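Chemist: Got a structure here, written out as structure tokens. Questions coming.
The values are calculated or read from the model by the stated rules, or taken from the named source; none is laboratory data. None of the values given here were measured: they were computed from a predicted structure. When we count neighbours, we look across all protein chains shown, and the Cβ atoms used for this are built from the backbone with ideal geometry, even at glycine. The accessibility values were calculated without ligands, DNA or RNA, using every heavy atom of the protein model including side chains. Shrake-Rupley method; radii C 1.70, N 1.55, O 1.52, S 1.80 Å.
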Amino acid sequence: SLTWEFDMSGILRISTRLAPLVAVMFVAACAGSSSRVITASAPGVDMTQFRTFGFMQPLSTDQGTTRTIISTHLIDSTTRELEMAGFRRDDQNPDLLVNFFISTRETISTRPSTSATFHHSRGRYSPWSGYSFGMSTTEIVQRTEGTVDVDLIDRENNTLVWEGAASGRVTDSTRRNMQETLDRAIADIFAQFP
């Protein structure tokens, strides 16, 4: 599963399936990419045996039986990437089923900030000194990390054959440009597709 940063305003849930890969995802950053990406293939599976794809009904990013805007963006981006990889979309009888998982998590860290001191004395040899002032602050930094995970499932055997995840930091910009953010994450994920 791949991880990528964006904000879903609390409507996303954390997939426990991501747990084994989370540690690896955060250190598997792609050079020159805005996302940290990781992929995994099932051992011994030849991806060339699959020709068509469709989407799970409902997707994990849907709300019950209601298709969400996020799901629509992910479907559009994934369709483009898989078609560019030579697959054909078939919603009736696909070889592969695609599913998505999205999660966000909050991280809090601290770091020392600037410090200042001030000291005043009456003179070099004076036994009495004036006043002294010291200040040190600690900055608390809260960040939102977002992850999008794409799963490809062999429909006939109901087996996960490939997954990819992209992660990144959620910012005001990614919140305002969700479609672009999701599109970029999916492109980063499929850049590592076999």
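Chemist: Just need a number here: residues in the range 13-52 that are over 19 Å from residue 188 (Cβ atoms) and modelled with pLDDT of 50 or more.
Modeler: 10
Chemist: Out of contact with any Cys (no Cβ under 9 Å at 6 or more places or on another chain), at pLDDT below 85 and of a type in the set (D, E, K, R): does that describe residue 183?
Modeler: Numbers: out of contact with any Cys (no Cβ under 9 Å at 6 or more places or on another chain): yes; at pLDDT below 85: no; of a type in the set (D, E, K, R): yes.
Taking the combined requirement at face value, the residue does not satisfy it.
Chemist: While we're here: Every residue in the range 155-179 that is touching a strand residue (DSSP E or B) at 6+ places or on another chain (Cβ under 7 Å) and open to solvent by less than 20 Å² (accessible area, probe 1.4 Å), please.
Modeler: Matches in the range 155-179: 161, 162, 164, 165, 166, 167, 168, 170.
Chemist: If a residue must be outside any strand (DSSP E or B) and over 15 Å from residue 190 (Cβ atoms), how many such residues does the range 58-107 contain? Explain how you work it out, then say what you get.
Modeler: Going residue by residue through the range 58-107, those that are outside any strand (DSSP E or B) are 58-62, 64-65, 67-87, 90-95.
Those still in the list that are over 15 Å from residue 190 (Cβ atoms) too: 58-62, 64-65, 67-72, 90-95.
Summing the residues that are outside any strand (DSSP E or B) and over 15 Å from residue 190 (Cβ atoms) in the range 58-107 gives 19.
Chemist: Can you run down the residue pairs with Cβ atoms below 8 Å, 6 or more apart or on separate chains, where the first is in the range 163-184 and within 11 Å of residue 74 (Cα to Cα) and the partner is hydroxyl-bearing (Ser, Thr, Tyr) and crowded, with 21+ Cβ neighbours inside 10 Å?
Modeler: Taking only residues 6 or more apart or on different chains, the pairs are 181/174; 182/77; 183/77; 184/35.
Chemist: Among all residue pairs at least 6 apart or on different chains, which show Cβ distances below 8 Å where the first residue, located in the range 71-92, is touching a residue at least 40 places away in the same chain (Cβ under 8 Å) and the second is outside any loop (DSSP other than H, G, I, E, B) and among the polar types (S, T, N, Q)?
Modeler: Going by the 8 Å Cβ cut-off, the qualifying pairs are 73/179.
Chemist: Among the residues of the range 85-114, what is the count of those that are at pLDDT below 75 and surrounded by 10 or more Cβ atoms within 10 Å (Cβ to Cβ)?
Modeler: 1
Chemist: Taking residue 62 as the residue in question, decide whether it is modelled with pLDDT of 95 or more and surrounded by fewer than 17 Cβ atoms within 10 Å (Cβ to Cβ).
Modeler: Numbers: modelled with pLDDT of 95 or more: yes; surrounded by fewer than 17 Cβ atoms within 10 Å (Cβ to Cβ): no.
No.
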